[in-house]
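What follows is a set of notes on a single structure, which appears directly below.
The values are calculated or read from the model by the stated rules, or taken from the named source; none is laboratory data. Remember, predicted model here, so these are calculated numbers, not experimental data. In this analysis, Cβ positions are derived from the backbone assuming ideal geometry, glycine residues included, and neighbour counts consider all displayed protein chains.
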Amino acid sequence: MIGNGGHSKVVQEMVIRQGCSVHGILDDKYESEQNIDGIVYAPLTSIHKILDEEMKVVVAIGENMVRKHVVSKLKLPSERYLTVIDPTAVVSNSAEVGYGTVVMPKAVINADAQIHDHCIINTGAVIEHDNSVGDYSHISPQATLTGNVTIDEGVHIGAGVTIIPGVKIGEWSIIGAGATVIRSFPAHSKAVGTPARIINRSLGVVKDIM
Ligand SMILES: CC(C)(COP(=O)(O)OP(=O)(O)OC[C@H]1O[C@@H](n2cnc3c(N)ncnc32)[C@H](O)[C@@H]1OP(=O)(O)O)[C@@H](O)C(=O)NCCC(=O)NCCS
């Protein structure tokens, strides 16, 4: 498990419910390795020492950009990342859920939806049929993406957002909590309200951290 903040706490419980055990929790807030109750707590640099061939990794960091940064730094093959799907989530047999993606309790992912890698589909979110959700995106609790919605890489959809069919949200955009989205937005938009309107385009932070 990479990261030990609030999001990680939730994912750790889900991983255990999925029948796996947590071997190590890596976070740069730890200066050295320590073993507490059979779990190794260590800085991120210890990963290659701790990881054996049977173990999988989850980057359990809520911030999309930081999650991408860590995955890029680790340079692990995609299949080393665990896909975590809570047993209470409903995922259509025709939907695809990518490596390292976390699907939280009571989320619903319907027919032919594609959820790419390292996404967070948070508690009770609804991803309707034929949606595409790009790598590193976060769909917050109780958000509803109706049919044929396209979410590009790194987008954060706030809690309780509703998006009408056929809309596309450009990469690294943020949609504020409670918004109703009735039209598409370009990359790096920040939009809020009902109907949602842009309050600040060009978030432009992608290059800074990478
Ligand atoms: C949209 C958001 C990112 C804006 O944050 P910010 O850039 O710090 O913006 P500010 O708080 O400075 O607000 C800017 C303006 O937008 C308005 N605004 C901010 N968030 C809003 C929202 N969700 N709905 C409606 N208006 C909102 C503010 O009232 C302010 O308006 P004003 O200029 O007329 O005073 C944030 O408010 C938000 O909704 N985040 C989503 C949180 C979430 O759902 N997290 C889930 C975690 S699991």
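Structure summary
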read-out: Strands (runs of 3 or more DSSP E) contained in the range 1-84 and holding at least 1 residues aromatic (Phe, Trp, Tyr) and at pLDDT 95 or above; value: 39-42
read-out: Some residue of the range 89-104 being at pLDDT 95 or above, out of contact with any strand residue (DSSP E or B) (no Cβ under 7 Å at 6 or more places or on another chain) and either of a type in the set (A, V, I, L, M) or farther than 18 Å from Asn131 by Cβ (or both); value: no
read-out: Those residues of the range 92-126 which are touching a Gly at 6+ places or on another chain (Cβ under 8 Å) and surrounded by 24 or more Cβ atoms within 10 Å (Cβ to Cβ), in sequence order; value: Ala107, Ile115, His118, Cys119, Ile120
read-out: Condition met for Val71 (closer than 22 Å to Val10 by Cβ and within 16 Å of the ligand (Cβ to nearest atom)); value: no
read-out: His188, sole failed condition from (1) buried (at least 18 other Cβ atoms within 10 Å of the Cβ); (2) within 12 Å of the ligand (Cβ to nearest atom); value: (2)
read-out: Contacts under 6 angstrom Cβ, first residue in the range 146-171 being modelled with pLDDT under 95, partner within 16 Å of the ligand (Cβ to nearest atom), 6 or more apart; value: none
read-out: Leading residue by the ranking (modelled with the lowest pLDDT) among those in the range 199-210 that are within 12 Å of the ligand (Cβ to nearest atom) and exposed (fewer than 15 other Cβ atoms within 10 Å of the Cβ); value: Val205
read-out: Count - residues of the range 91-106 that are within 16 Å of the ligand (Cβ to nearest atom) and either in the same structural domain as Glu63 (by TED's automatic domain parsing) or within 13 Å of the chain's Cα centre (by Cα) (or both); value: 4
read-out: Given (1) surrounded by fewer than 16 Cβ atoms within 10 Å (Cβ to Cβ); (2) more than 18 Å from the chain's Cα centre (by Cα), number of the condition Ser78 does not satisfy; value: (2)
read-out: Filtered residues of the range 134-155 (kept if outside any loop (DSSP other than H, G, I, E, B), under 17 Å from Met104 (Cβ atoms) and more than 13 Å from the ligand (Cβ to nearest atom)); value: Thr144, Leu145, Ile151
read-out: Hits in the range 166-185 (condition: over 18 Å from the mean Cα position of the chain (by Cα) and within 16 Å of the ligand (Cβ to nearest atom)); value: Gly178, Ala179, Thr180, Val181, Ile182, Phe185
